[in-house]
Amino acid sequence: MPEYEFPYRNPALPIEQRVDDLLKRMTLEEKVDQLMQITIGADTNPNNLGSGHSFRPTIGSVLSYCGSTRNRNAFQRLAVEETRLGIPIIWGFDVIHGWRTAFPIPLAQACSWNPDIVEAGCRVAARESYAEGVDWTFSPMLDVPHDPRWGRVMEGYGEDPLAAGIFGAAAVRGYQGEDPSQPGTVAACLKHFVGYAASEAGHDYAYTDISSRTLHETYLPPFQAAVEAGAMTLMSSFNDITGTPAVANHYTLTEVLRDRWHFRGFVVSDWDGVVQLAHQGYTTNPAEMCRAALSAGNDMEMNSSAYRNIPTLIESGRLKIEVVDEAVRRVLRIKFAKGLFEHPYHEEVDPGTVSLQPEALELSRAAARASMVLLKNEKNTLPLNPDTLRSIALIGPVATDREASAGAWPAIIDPKTIPTLQEVLPSFFPKSEIHYAPGCDYTSDSTEHFAEAIAAAEKSDLVIVAIGEGAGRTGENRSYTNIALPGKQLELLRKIAAVGRPVVLLVSSGRPILYPELEPLANAILHIWECGHGAAAGCCDILTGAYNPSGRLAITFPRSVGQIPIYYNHHPRARDEKAEWGGRYFDLDDSPMYPFGYGLSYTSYEYSDLEISVEDLTAQVTLRNTGKRAGRETVFWYLSDPEAKLTQPLRRLIAFEQVDLAPGEERRLTLQLDRMHDLAYIDPTGKKVFEPGRFILSVGGEKAEFVVAE
Ligand code: GLC
């Protein structure tokens, strides 16, 4: 039995015992270091260490990609072998939708309605990033956006809280695996806690006026679901939550997250989030920033260094050492649970043997085709027949763009490794002549290439127009008042449509874009999002019919920015929305261009015979594939509570499932309703309240009213 110099080094001991032993050995300075995360910037080469590099090996965490595991291990060796207590550093990075293998952006993945795909993609990202030195990813993002002007809409799982929680939990399982102490896993970090997506007017970093009710009904549930899935960390958000910034918000960080949810991991601030308290009008005093954030429950400070004021605060009695110890305890707990003391160094392998492997690329392709959404298919323009289609014109900037497929937050994805549509299309249509023309770029006013594109369309039987937002238009600090496609892309589409050939429109974006002027110009429309390495092949799988599109929108597409905020689970008005005096817009159709849950298939489905047994609260409905192709249908179960002391949304999603059906096949589906999970609502204090009375269950256009007395 090996002897351990100190109990905290003994992996056989319970983690809490190891934490206690280590904590009592730490000096205040060592404790402060553990609560700070630095970046080593561009200078990540340990060979420069001798040059007085500012690297403190007693630091708690580093946000950086050191270029290789060898470099990361060299820095880690300083922490583990050349400091008094040898506490390993936890290395963090934004691995949002892939490390080297790019998966669809999270908003696209949500449109697959397949948590298994989300989990599998995160598992690949964990394996690939761990192999290059990452211990901890700042993902999944669980914000619930209602405003597509906000660029970070691409990073979450859409507008429904239940769905965001289910996908968030899947991501946690993918990143952390069965045992997060094992190599090949990374700690998850739920962000941004909480309410960031409510940033006023779609600005980034903006004030958020969030009622207690909305906080508990919309923004907190996804985080609770992912905490219950075992997430090891959270990140506090930039936004000011109705007057108390999230980084210093005791209610969310302690009363909810610790006291109610019993979360035992740690919370890191967002980048400079602690010192941004000055800009938010909270305090300009760094010591007060430190005191407020730490006391609220924000354990680690990212990038800035207000937490260097801890010793002063302790000496002056403005901060108790117990608060500091509790934060350090949480950080150490996760470092022990992550196995960092046993595996401080990652095996130095050739990334080429771990990343971009065939099965990962195949998974990216499967995720891509499952995430794309068929918005229009007039006269069954799609699928195309590679055997009979003699010539295709491929037009538009997306056809050759690799960056767009990489999406925002690309980690170290190399766009050069991402196949383009122009490269891939010929292999799917070997008998067709393909005439490519750029047509235009994304943003300029140039129409100099229009003629060439029109000529390509004129000599083809069918035209594929591939346009979109282009890279860099979504992500952090990418707010736009106009969410129509930029540049001259609409004009290009008009010119091509005027040629008179069938037009298949492919649109790539990181957010909902405006379709009203695009829609009439195409016979078929496939929204292809930004889907990573598998984007081009996944798109062609759909174009040829090899895959029957199953994507359904996880976020509402408005007709106009003037409708924002617009989302499916909104509250009823005082009058019937359809009535003349119902409060509608007088200059625009009130309805969304494409609603939440919308998406077409190459087959058709029919729902019938919805029944509810009030005795045991089971609901049943028959789903039939009435078309000629096998398909995957996502079944959305919605609940309405038309009479409640706290008025409820018109409907809310309470469950979803995916059903594969052969042509003509039908299935009797059953949903077991739970009184508290499904019928109760969340009150402004966060309590679930079941109010007996009338409910309406709807699924696939079928509705059934039922009464639950007690
Ligand atoms: C950024 C983002 C956050 C990210 C962090 C580290 O500002 O808000 O999502 O994880 O900084 O890059």
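What follows is calculated from the coordinates using simple rules that are stated; it is not laboratory data. Here the structure is a predicted model, which is why all the values come from computation and not from measurement. Quick reminder, even Gly has a Cβ in these numbers, built from the backbone with ideal geometry, and neighbours come from all protein chains shown.
Numerical summary
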read-out	value
Average projection area in nm² (convex hull over Cα atoms of segment 542-644, one quarter of hull surface)	9.9 nm²
For segment 366-563, convex hull volume per residue from C-alpha positions, Å³	116 Å³
Crossing angle, helix 15-25 versus the chain [Cα axis fit, 0-90 degrees, rounded to tens]	50 degrees
Simple label model, 7 Å out from Cα along Cβ direction - Asn482 to Glu657, nm	4.7 nm
Fraction of beta bridges assigned by DSSP in the chain that are antiparallel (%, nearest 5)	55 percent
Rounded tilt (10° steps) of 69-81 against the dominant C-alpha axis of the chain	30 degrees
Exposure rule at most 13 other beta-carbon atoms within 10 Å, DSSP loop trypsin sites (Lys or Arg not before Pro): the chain longest free segment	85-319
Extent along principal axes [Cα atoms of segment 605-708; Å; largest to smallest]	49, 25, 18
Of every Cα-Cα pair in segment 14-337, the percent that sits beyond 30 Å	30 percent
Helix axis angle, 161-176 relative to the chain longest principal axis, alpha carbon, degrees	60 degrees
Residue-averaged [θ]222 nm for the chain, counting only DSSP H segments that reach four residues, each worth -39500 (n - 2.57)	-7000 deg cm²/dmol
Pairwise label distance in nanometres, Arg573 with Gln182, each label 7 Å out on the Cα-Cβ vector	5.6 nm
Hydrodynamic radius by Kirkwood, which averages 1/r over all alpha carbon pairs of segment 263-395, in angstrom	20.4 Å
Cβ-defined net charge surrounding Gly174, 9 Å radius [Lys, Arg +1; Asp, Glu -1]	+1
Note, ³J(HN,Hα) from phi for segment 618-631, Karplus 6.51, -1.76, 1.60, rounded to Hz, x at Gly and Pro	10, 10, 9, 8, 9, 10, 10, 8, 9, x, 10, 10, 5, x
Alpha-carbon Debye profile of segment 242-303, log10 I(q)/I(0) at 0.22, 0.26 Å⁻¹	-0.81, -1.07
Alpha-carbon radius of gyration plus Dmax, which is the widest Cα pair, for segment 150-257 in Å	14.0, 43
Tyr4 paired with Gln563, simple spin-label distance in nm, labels 7 Å along Cα-to-beta-carbon	5.9 nm
Per-residue Cβ neighbour rank within 10 angstrom, fewest leading, Ser139, Ser601, Ser427	Ser427, Ser601, Ser139
Percentage relative contact order, segment 605-708, counting C-alpha pairs under 8 Å, at least six apart	32 percent
Cβ-derived FRET efficiency at R0 41 Å, Asp116 paired with Glu458, nearest 0.05	0.35
Top positive-direction residue, dipole computed over segment 273-421 with Cβ charges, set Leu374, Gln357, Tyr307	Leu374
Cα centroid of segment 174-188 to Cα centroid of segment 435-464, whole Å	47 Å
Theoretical gain in end-to-end length, Gln620 to Ile321 [0.36 nm per residue, Cα-Cα removed]	101.9 nm
Segment 651-710, Cα convex hull volume normalised per residue, Å³	105 Å³
Loop-exposed chymotrypsin sites (Phe, Trp or Tyr not before Pro) per DSSP, neighbour cap 10 Cβ within 10 angstrom, longest uninterrupted part of the chain	1-580
For the chain, diffusion coefficient by Stokes-Einstein and Kirkwood Rh (Cα), 25 °C, 0.890 mPa s, µm²/s	91 µm²/s
Over segment 48-152 - Rg/Rh using Cα atoms and the Kirkwood inverse-distance radius	1.09
Only Lys, Arg (+1) and Asp, Glu (-1) charged, at Cβ; the chain dipole about Cα centre in debye	260 debye
Rel. contact order, % - alpha carbon contacts under 8 angstrom, at least six apart, the chain	14 percent
Computed magnitude of the charge dipole of segment 14-337 (debye, nearest 20; Cβ of K, R +1, Cβ of D, E -1)	720 debye
